[in-house]
Amino acid sequence: MSEGAAAVATGPDAAVAFAAVHRLCFADEPWDADVFACLLSLPSSLALVEHRQGGLAGFVLCRLAADEAEVLTCAVDPAWRRRGIGSRLLARVMAANRQRGIRHVFLEVAVDTPAAQALYLQCGFRPVGRRRQYYQRADGTGVDAIVMRMDL
Ligand SMILES: CC(C)(COP(=O)(O)OP(=O)(O)OC[C@H]1O[C@@H](n2cnc3c(N)ncnc32)[C@H](O)[C@@H]1OP(=O)(O)O)[C@@H](O)C(=O)NCCC(=O)NCCS
């Protein structure tokens, strides 16, 4: 297990760890281990992780198609935030995407998550659109998504 440096993740153990961190980060819409097992098994997926003190501290998961990629999710355990893990994961996954011939990267981010928006802006993403009521919170409230794009 790598401590610090981002490493590629696959397999059932990774799926369980991803789901645990995702639950901490997205209480309203957690993805379970089966969802991550499915996503991680796809050849079109690319996931990078960072570990701290023997456990998963954060991950980023992308889906690749032709010369485009989508950041499906990026999550850092609350205990390890504001230490550069999220920005390092994104920088490394973008470098890996570029090596694979990816030219354009897209993502959706909820309008009520300023930390994520700040992270993506800092990493070079720019807003290009909006999806109305894209997310649904536990209380049923709909939340818009900002669509962001980065050209590599
Ligand atoms: C968004 C998230 C991944 C950031 O991870 P992180 O490891 O804490 O991020 P970093 O330490 O690399 O921060 C990089 C930059 O992002 C911005 N940022 C991160 N957290 C922030 C916060 N709470 N408030 C404002 N800006 C923030 C800052 O610009 C920061 O740079 P700085 O520390 O030099 O000011 C993390 O907060 C998280 O998992 N949030 C919940 C899940 C989520 O919203 N994921 C993204 C949508 S898929």
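Where a number appears in this text, it was derived from the coordinates with a stated rule and is not lab data. The structure displayed is predicted, hence computed values, not measured ones. All Cβ positions, glycine included, derive from the backbone under ideal geometry; neighbour counts span all protein chains shown.
Going by Cα centres, segment 45-119 and segment 18-40 are how many Å apart? Centre-to-centre (Cα) distance: 14 Å.
For segment 78-84, putting each phi into the Karplus relation 6.51 cos²θ - 1.76 cosθ + 1.60 with θ = phi - 60° gives couplings of x, 5, 10, 7, 6, 10, x Hz, in residue order, rounded to whole numbers and with x for Gly and Pro. Rounded to the nearest whole Hz, the Karplus-based 3J(HN,Hα) values (6.51 cos²θ - 1.76 cosθ + 1.60, θ = phi - 60°) of segment 17-25 follow the sequence 5, 4, 4, 5, 5, 4, 4, 5, 9, with x at glycine and proline. Multiplying the residue separation of S87 and V8 by 0.36 nm and subtracting their alpha-carbon distance yields 26.8 nm. Overall, segment 7-151 carries a charge dipole of about 580 debye about its Cα centre when +1 sits on the Cβ of Lys and Arg and -1 on the Cβ of Asp and Glu, all other atoms neutral.
Maximal additional length on extending the V143-R126 stretch stands at 4.2 nm, based on 0.36 nm per residue less the C-alpha distance. At full extension, S44 and A95 could sit 16.7 nm farther apart than now, given 0.36 nm per residue minus the alpha carbon distance.
Not counting the cut sites, what is the longest span of the chain without trypsin sites (Lys or Arg not before Pro) that DSSP labels loop and that have at most 13 other Cβ atoms within 10 Å? Longest stretch, sites excluded: 1-81. Tell me the label-point distance for the pair Y134, D32, using the 7 Å Cα-to-Cβ offset, in nm and rounded to one decimal. Between Y134 and D32, the label points sit 2.6 nm apart.
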